[in-house]
Amino acid sequence: MSRRAQTDSGETKRDLVASATEEFAEHGYEGASLRQICSKAGVTTGALYFFFDSKEDLFKSVVSPLMSELPNVLAAWIEHDLSVICDCPGEPTDVEGLLDGLVELLGRHPLVPKIVLSNRDHPVVKEYLDARVAEIAASIASRADRKDGPASDGFSPRLLATMCANALIEVLANDDDPDVIARHLAEVSAFVRGGLEATLGK
């Protein structure tokens, strides 16, 4: 394949993902039309199926960049507060630093949080979130075990991890003013910190 053909191919795929992002944001997964996506991208449905196996495959391409990066922000947040509570005196989560990361994510994927929030039970979204929530819950449970915290069947760690994931998505989906995002993050952080302290028996 020539370099020009590769460039055109890459542009076509990006155009399809951009068009699909708008369509999923406006109509949701079920209501999104592949015909409309192709029309907005200026390509045929045949071109779409050259790049994507199905509507779900296209949806995954839309949400996966954010869903791959968001858990890293979430895990860093939880790990920071765990370290402060368990290991040494320290300040609560650096909301300003967290804000910078989230605003940067929102700048690159402005519509995706709304898509994720409105399709929370879609298998693609659920798979990403459930896997990351399980990892973070396991980290919280491990810390609780090491600190001889109260016996738990894992409910509290799962609750905290799920709440954090949902809260971050909710904030990103509904807030676009950095000051509002910062205020809401500070409120969520206070709840999470209290929940961690209770779970760890502090």
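State, to one decimal in nm, how far the label point of E104 lies from the label point of S39, with both points 7 Å from Cα in the Cβ direction.
For the pair E104/S39, the computed spacing is 3.9 nm.
Under the rule a/c < 1.5 gives rounded, and otherwise a/b versus b/c splits prolate from oblate, where does region 110-202 land using the Cα gyration tensor? Provide the component values of the computation, followed by the final result.
Values: a/c = 3.56, a/b = 1.51, b/c = 2.37.
The shape class here is oblate.
For S9 and V84, what does the FRET efficiency come to when R0 = 45 Å and r is the distance between their Cβ atoms, rounded to the nearest 0.05? If you can, show how the numbers build up before the last one.
Numbers: r = 48 Å, r/R0 = 1.08.
It comes to 0.40.
What number, rounded to the nearest 500 deg cm²/dmol, is the helix-based mean residue ellipticity at 222 nm of the chain, given -39500 (n - 2.57) per DSSP H run of at least four residues and division by all its residues?
On the way: 9 runs with 163 residues, N = 202.
Using -39500 (n - 2.57) per qualifying helix, the result is -27500 deg cm²/dmol.
Does region 158-202 classify as rounded, prolate or oblate by the C-alpha gyration tensor (a ≥ b ≥ c root eigenvalues; a/c under 1.5 gives rounded; else a/b over b/c gives prolate, otherwise oblate)?
On the way: a/c = 5.79, a/b = 1.91, b/c = 3.03.
Here region 158-202 falls in the oblate category.
Separation between the E135 and F51 pseudo-spin-labels, each 7 Å from Cα along Cα→Cβ, expressed in nm?
2.7
Which distance in Å, rounded to a whole number, links the C-alpha centroids of region 159-201 and region 16-81?
Each part reduced to its Cα centre gives a spacing of 25 Å.
Every read-out reported here was derived from the displayed coordinates using simple, explicitly stated rules and does not represent laboratory data. A quick note: this is a predicted structure, and the numbers were derived from the prediction, not measured. In this analysis, Cβ positions are derived from the backbone assuming ideal geometry, glycine residues included, and neighbour counts consider all displayed protein chains.
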